[in-house]
Amino acid sequence: MRKKALLLVPIATTAILAGATPAQAHPVGEPGTPSCFGERVSHGSSDHGLTPKERAEALQEFVDAGDPLALELFGETVTAGEFAKFVQVNCSDTPYFP
């Protein structure tokens, strides 16, 4: 389990870079708080103009390129629901990354 968690860090970082590079300068939503998920999804849509579907499409590019970490995380297809689950996990008390 720990090895898998360590493998998720590079893909999570890549996902952030692909979908929200400007967001790195201003973290949104505190993991472990009830409003984290809504804050992050709302911020991505309003401030960066990317819907969850568009973010999933950006992650799909990594899957299509054969990125082993993206394939492990999402399988063959990245859906908006899977992207939402990814955000939800990263808003939990034990996120992949803060």
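Read-outs throughout are calculated quantities, based only on the coordinates presented, and are distinct from any laboratory measurement. As the structure is a computational prediction, the values presented were derived from the model and not from experiment. For neighbour counting, all protein chains shown are included, and Cβ atoms are generated from backbone atoms with ideal geometry for every residue, glycine included.
Put a dot 7 Å past the Cα of D47, heading toward its Cβ, do the same for V89, and the two dots end up 2.4 nm apart. For the pair V28 and E72, the difference between a 0.36 nm per residue extended length and the Cα-Cα distance amounts to 13.2 nm. Okay, which of the stretch 59-98 sit inside 19 Å, backbone N to the point 7 Å along the Cα-Cβ direction of E39? It comes to 84-98, nothing else. Excluding L50 itself, calculate the net charge of residues whose Cβ lies under 14 Å from the Cβ of L50, where each Lys or Arg counts +1 and each Asp or Glu counts -1. Residues close to L50 contribute a combined charge of -1.
Judged by the ratio a/c of the largest to the smallest principal axis of the C-alpha gyration tensor, the stretch 35-98 counts as oblate, that ratio being 1.5 or greater while a/b is no larger than b/c.
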